[in-house]
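Structure first, then comments.
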Amino acid sequence: MSHTILLVHPKKSPKTRTYTEYNSTQKCLDAVCKIYEEHLKRNMPELPTITYDIIQLFDFIDSFVDISCLVKETSTGNYAPHSKEWIKDKIYEQFRQSALNIK
């Protein structure tokens, strides 16, 4: 488990920048998905259930001015920066693994 900091800048205004800390990269990636799910719930409150595909999630991530992660490397104690593309790659792997576990 690597301590991970999620940096989010959803809109052009610097006032929209936030960060959140997680005990693991997995929890951070789950939080990115949760941010999208909360966005959907706010914009479509009449829907009893929320469903989406990975392309929609990636479009949402791409709409941010910036989103990135700082992941603590256990060997050095330093934080390694990871881009929006890295986040999408890791979420894709997570979705893929979940799909394989269902079969």
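Roughly what would the spin-label model give for K12 and E38, points 7 Å off Cα along C-beta, in nm?
2.5 nm
Using the crude model of +1 on Lys and Arg Cβ and -1 on Asp and Glu Cβ, and no other charge, please compute the dipole size for region 52-103 relative to its Cα centre, in debye to 20.
240 debye
In region 72-103, whose amide N lies under 12 Å from the spot 7 Å out along Cα-to-Cβ of Q26? List them in ranges.
94, 98
Once the piece of chain linking E46 and K84 is laid out straight, how much longer is it, given 0.36 nm per residue of separation minus the C-alpha distance between them? Working shown, then result.
Values: separation 38, 0.36 × 38 = 13.68 nm, distance 3.06 nm.
Stretched out fully, the E46 to K84 stretch lengthens by 10.6 nm.
Taking the Cα centre of the chain as origin, work out the dipole magnitude from +1 charges on Lys and Arg Cβ and -1 charges on Asp and Glu Cβ, in debye rounded to 20. Display every interim value, and only then the final one.
Working: 14 positive and 13 negative charges, 45 e Å.
Dipole about the Cα centre, nearest 20: 220 debye.
I want to check a number: in the chain, how many lysine pairs have alpha carbons closer than 19 Å, given a sequence separation of 8 or more or different chains?
Eligible lysine pairs with Cα atoms under 19 Å apart amount to 14.
Which log10 I(q)/I(0) values, to two decimals, does region 62-103 give at q = 0.14 Å⁻¹ under the Debye formula with one point per Cα?
For region 62-103 at q = 0.14 Å⁻¹, log10 I(q)/I(0) is -0.46.
Give the residue from P45, P14, Q97 lying farthest towards the positive end of the charge dipole for the chain; charges sit on Cβ (+1 for Lys and Arg, -1 for Asp and Glu) and the dipole is referred to the Cα centre.
P14
Using only the Cα atoms, what convex hull volume per residue in Å³ does the chain have?
On the way: hull volume 12.0 nm³, N = 103.
Hull volume normalised by residue count: 117 Å³.
Read-outs throughout are calculated quantities, based only on the coordinates presented, and are distinct from any laboratory measurement. Small disclaimer: the values here were computed from a predicted structure and weren't measured. FYI the Cβ positions are ideal-geometry reconstructions off the backbone, even for glycines, and counts take in every protein chain you see.
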